[in-house]
1. Look through Thr225, Thr217, Thr235, Thr246 and report the one residue that is more than 30 Å from Thr273 (Cβ to Cβ) and within 15 Å of the chain's Cα centre (by Cα).
2. Residue by residue through segment 40-68, note down the ones that are surrounded by 11 or more Cβ atoms within 10 Å (Cβ to Cβ) and either more than 28 Å from the chain's Cα centre (by Cα) or not in a helix (DSSP H, G or I) (or both).
3. When you go through Ser298, Ser312, Ser284, Ser236 one by one, which is the residue that is at pLDDT below 90, buried (at least 16 other Cβ atoms within 10 Å of the Cβ) and either closer than 30 Å to Asn167 by Cα or not hydrophobic (A, V, I, L, M, F, W, C) (or both)?
4. Can you pull out the residues in segment 119-144 that are surrounded by fewer than 12 Cβ atoms within 10 Å (Cβ to Cβ) and either touching a Gly at 6+ places or on another chain (Cβ under 8 Å) or among the β-branched types (Val, Ile, Thr) (or both)?
5. Could you grab me the full set of residues in segment 179-205 that are over 18 Å from Phe128 (Cβ atoms) and buried (at least 18 other Cβ atoms within 10 Å of the Cβ)?
6. When you scan segment 196-214, do you find a residue that is in a helix (DSSP H, G or I) and under 14 Å from the mean Cα position of the chain (by Cα), even just one?
7. Looking only at segment 242-265, which residues are over 17 Å from Asp171 (Cβ atoms), of a type in the set (A, V, I, L, M, F, W, C) and either touching a strand residue (DSSP E or B) at 6+ places or on another chain (Cβ under 7 Å) or buried (at least 16 other Cβ atoms within 10 Å of the Cβ) (or both)?
8. Would you be able to say whether some residue in segment 213-235 is charged (D, E, K, R) and either within 29 Å of Leu168 (Cα to Cα) or in contact with a strand residue (DSSP E or B) (Cβ under 8 Å, 6 or more places away or on another chain) (or both)?
Amino acid sequence: MPASATSGTTVKEPATGVVARPSGASGAGRPGLGWAVPGLLFFAFFAIVPMLLVVALSFTAWEGLGTPEWTGGANWSRLWNDPVMRQAVWLSVLLTALSWLFQTPVALLLGVWSAGRQRNRAVLSAIFFLPLLASSVALALLWKTLLDPNFGLIADLGPYIGFPDGNLIGDSRGAFAAVVFVASWQFIPFHTLLYQGGARQIPASLYDAALVDGAGTVRQFFSITLPQLRNTIITSSVLMVVGALTFFDTVLILTEGGPGTDTTIVPYLMYRTGFQAFDMGYASAIATILVVIATSVSLLLVRLTGFGAMRSTREGM
């Protein structure tokens with residue numbers, strides 16, 4: 001009598017050699033679609049539905065209480081002609097670019113260094129990662145105290161960096177530079193962890209072969225380390241872009257969008273419009289634009305870098 005397959009059990013028929021798939025499996029032993037249902041429901045309920053509600057609110061006038069009043073495209077017309085919004089978009093893009101330029105080389109070098117076996121590496125790495133353990137609000141309050149022109153550290157250092165009165169955050173360029181520095185300084189440890197993990201996966205045989213060929217440390221870094229960290233750099237860059245475009249709390253505490261509107265980036269403008277001016281309809285339009293920009297930039301980055309192909313950096317080894 002031929003063997004039979006019970007529920008959830010794979011049995012090979014002796015006469016035909018056919019393998020029966022377990023129930024609930026599809027393809028080459030992969031779980032069925034049912035396993036993805038909880039995750040899809042969670043994503044739909046906490047991401048898709050709120051975004052659709054925000055898009056709907058962008059066509060209304062609403063103060064947060066009562067019933068929203070339909071206004072059609074009034075908010076979008078206002079958004080298109082708003083000079084403050086245009087400035088906020090430009091500042092958000094500038095913050096994203098400067099944050100990437102500052103964080104990437106520092107995090108990359110620290111990550112590669114901390115992946116080695118230098119003396120006291122573990123202790124120094126732990127110290128470098130301390131900013132990652134504190135909240136953004138606590139760090140913003142700390143830096144606001146340090147940058148206070150009356151009794152902060154900047155009062156003594158200001159004359160040496162071009163601010164004789166120490167009023168760094170009262171100056172247009174100084175305030176924006178402070179936002180870029182604090183935001184980058186806080187998240188460098190996170191990206192350092194990514195590069196540290198990526199560097200530790202590089203086979204030591206590559207460096208051994210390079211030594212035999214007479215390659216020095218610098219040549220090894222540019223010929224081996226950087227190419228092997230290609231996917232890590234792309235992943236880190238996408239996270240930096242999305243994080244910078246949605247950056248908010250440090251601006252709120254450190255500069256409050258000032259002086260004037262010189263540090264009013266799109267997320268802060270959305271907050272000020274919705275929760276200070278109680279113009280929820282216009283704030284929803286700003287939020288929709290922010291989601292579109294962040295998603296488009298991330299997809300464009302993945303597309304241009306070829307990250308979607310997921311080609312292994314260890315091919316041919």
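1. Numbers: Thr225 fails: within 15 Å of the chain's Cα centre (by Cα); Thr217 fails: within 15 Å of the chain's Cα centre (by Cα); Thr246 fails: more than 30 Å from Thr273 (Cβ to Cβ).
Criteria check complete, one pass: Thr235.
2. Matches in segment 40-68: Ser58, Phe59, Thr60, Ala61, Trp62, Glu63, Gly64, Pro68.
3. Numbers: Ser312 fails: buried (at least 16 other Cβ atoms within 10 Å of the Cβ); Ser284 fails: at pLDDT below 90; Ser236 fails: at pLDDT below 90.
After ruling out the rest, the residue left standing is Ser298.
4. Correct list: Val123, Ile127.
5. First, the residues of segment 179-205 that are over 18 Å from Phe128 (Cβ atoms): 179-180, 201-205.
Within segment 179-205, Val179, Val180, Ile202 meet the criteria.
6. Start the filter on segment 196-214 by keeping residues that are in a helix (DSSP H, G or I), which leaves 196-200, 204-212.
Checking the rest, the ones that are also under 14 Å from the mean Cα position of the chain (by Cα) come to none.
No, segment 196-214 contains no residue that is in a helix (DSSP H, G or I) and under 14 Å from the mean Cα position of the chain (by Cα).
7. If the condition is that a residue be over 17 Å from Asp171 (Cβ atoms), of a type in the set (A, V, I, L, M, F, W, C) and either touching a strand residue (DSSP E or B) at 6+ places or on another chain (Cβ under 7 Å) or buried (at least 16 other Cβ atoms within 10 Å of the Cβ) (or both), then Val242, Ala244, Leu245, Phe247, Leu252, Ile253, Ile265 are the ones that fit.
8. Filtering segment 213-235 for residues charged (D, E, K, R) gives 213, 219, 230.
With the extra rule that they be either within 29 Å of Leu168 (Cα to Cα) or in contact with a strand residue (DSSP E or B) (Cβ under 8 Å, 6 or more places away or on another chain) (or both), the set shrinks to none.
No, segment 213-235 contains no residue that is charged (D, E, K, R) and either within 29 Å of Leu168 (Cα to Cα) or in contact with a strand residue (DSSP E or B) (Cβ under 8 Å, 6 or more places away or on another chain) (or both).
The values are calculated or read from the model by the stated rules, or taken from the named source; none is laboratory data. The shown structure was predicted, so the numbers you read here are calculated from the model rather than taken from an experiment. Every residue, glycine among them, receives a Cβ derived from its backbone with ideal geometry; neighbour counts consider all protein chains shown.
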